[in-house]
Amino acid sequence: MSFLHDAWSAIGTYLHQYGLLTLFIIIYFESLGVPLPGESALVSASLLASRQDLAIADVCLVVWVAAVLGDFTGYLIGRFGGRPILERYGWLVKLTPERLHKLEEVFRVRGALIVVTARFFVILRQLNGLVAGSMDMPWFRFVIANMIGAALWVGAWGLGPYFFGDFVGRWFGALRQIL
């Protein structure tokens, strides 16, 4: 539990000092594939907004734009360079030509659904755009699915803590007193 508190404190400090720019950078680079604490940053910003330190509309807009742009940048990288890398080094992660073909088929049929839901899973969120681009997913379908997935993710992790954070905090406080 102290790890979460320390992580929130570190992110909260940068959010206080540099504001929404910090949030944009974290979310953009996480969506591009860098292992950063994007969800934690969003929740922290949402809780700061619930205390009136940030405007929730600004937080949601900045996070949505950063998430969409980061994923789209990853998509472009995957589209123009990802396939040769997968073919050459895929064996390192047990990605055989047969598995690559199956992955392509899955993306052909369910690519939009994968892009929308991948936003909610840590590793998938970071590799989402790169993989979709590497699988030659049509860019228009990717952009629409990416925008919808980012909106749902921001709604869940941005608005959820904003509206229910105080309630959950009080509930955990009461639970702690009982235990």
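The values are calculated or read from the model by the stated rules, or taken from the named source; none is laboratory data. Since the structure is predicted, the reported quantities are computational estimates derived from the model, not experimental observations. Positions of Cβ are backbone-derived with ideal geometry, glycine not excepted, and every protein chain shown enters the neighbour counts.
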In the set 122, 106, the lone residue that is at pLDDT below 90, over 17 Å from residue 21 (Cα atoms) and more than 21 Å from the chain's Cα centre (by Cα) is 106
Within the stretch 30-58, the residues that are in contact (Cβ under 8 Å) with a residue 12 or more places away in the chain, aliphatic (A, V, I, L, M) and surrounded by fewer than 24 Cβ atoms within 10 Å (Cβ to Cβ) are 32, 34, 43, 47, 48, 49, 54, 56
(request) Say whether the condition of being of a type in the set (S, T, N, Q) and touching an Asp or Glu at 6+ places or on another chain (Cβ under 7 Å) is met by at least one residue in the stretch 28-39. (result) yes
Per the list (1) modelled with pLDDT of 90 or more; (2) more than 27 Å from residue 22 (Cβ to Cβ); (3) in contact with a Gly (Cβ under 9 Å, 6 or more places away or on another chain), residue check on residue 82 breaks on (1)
Flagged in the stretch 20-29 as touching a Phe, Trp or Tyr at 6+ places or on another chain (Cβ under 9 Å), surrounded by fewer than 22 Cβ atoms within 10 Å (Cβ to Cβ) and under 20 Å from residue 128 (Cβ atoms), in numbering order, are 25
